[in-house]
Each structure stands twice: as C-alpha cells, then as structure tokens.
1. So, of the residues in region 56-95 that are at pLDDT 80 or above, outside any helix (DSSP H, G or I) and aliphatic (A, V, I, L, M), which turns out to be farthest from ILE129 (Cα to Cα)?
Amino acid sequence: MRFYARKRRSPAVNIVSLIDILAILLIFFIVTTTFKKNPPQLQINLPDSKAAETSPAQRNEPLVLAVKNAEEITLDGKPVKIPGLAAALRTATVANPSRPVALQADREAPFGVVVGVLDALKAAGIRDIPAFTQPEPANP
C-alpha cells in the first residue's frame, strides 16, 4: 500500500504582518519622543556660602556693581540701566584702572538680569569679577 507523499513546504515568514507591527512601533516612537524644547526659565534662589572667606584687604576699594532687581542696578552707588551699563563700566575703569570691579547680586535679583549684567561686564572688557554676599547676621 502506497500512501500519498505530500510535498514538504519550506517554512516562510509572513512579512505583511511584520510590516504592520513595524508601522505601529514607528508611529508609537514618533508620538512619544520628546523633541528639544527651549528650557523653561526658573527662578533660582542661590544659597548662602558658609565657607566663603573674606578677601584680603586691598589698597583700592572695589567699584561695586550692585544688582537688587531689574529696576535697581547701581554702579558705585549711582543708578544705571542695563543698556548703558557697558559704557558706564568702560568710563569708570578708564578713569581709575587700578580699581577692581566687584559684583554684588541680591538673592531676589532675576537670573536674566544678572546674565545681562554679566554680558555688559564682558562687553566692557572686564574679565575677572569677584562677587560677594552680605554676611549672615549672628543669632542671639
């Protein structure tokens, strides 16, 4: 008795269903990808420095650039605005080149204003800028 011999089928992979799965995965990754966005502006409260040391006494008092907030910026006690700050710094440093410039920024000063002041310092050609804070009051 002879049985019917079936032809052996070679194994095959159904590619149509794999293409569907690939399309779904591609759509999923495109939708869930986070695209580069501008970083949000944050208000940063900088901490006090407990280990900062006072600088040794200098012969010349520094030219103090104080930043309280966006409206209150003073250069050696005289109010100044950010657009005219670079010119005022150039004038002050030309008048007395041995007098260093020191930056005193308040904790409440917006970071964008401080960056604008730093840009003005760079535009005026001032590179080394010491910064200082107010000493903490002693607890009774």
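1. Applying the first criterion (at pLDDT 80 or above) to region 56-95 yields 63-68, 72-95.
Subsequent filtering for residues that are outside any helix (DSSP H, G or I) retains 63-68, 72-81.
Remaining after also requiring aliphatic (A, V, I, L, M): 63-67, 73, 75, 80.
Numbers: LEU63: 11, VAL64: 10, LEU65: 10, ALA66: 12, VAL67: 14, ILE73: 16, LEU75: 14, VAL80: 18 Å.
The residue in question is VAL80.
Quick grid of which residues meet (1) in contact (Cβ under 8 Å) with a residue 40 or more places away in the chain; (2) more than 26 Å from the chain's Cα centre (by Cα):
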residue: ASP76; (1), (2): no, yes
residue: GLY84; (1), (2): no, no
residue: ALA92; (1), (2): no, yes
residue: ARG99; (1), (2): no, yes
residue: GLN104; (1), (2): yes, no
residue: GLU108; (1), (2): yes, no
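The values are calculated or read from the model by the stated rules, or taken from the named source; none is laboratory data. Source: prediction; values computed, not measured. Neighbour counts are summed over all protein chains in view; Cβ atoms, including those assigned to glycine, are modelled from backbone coordinates with ideal geometry.
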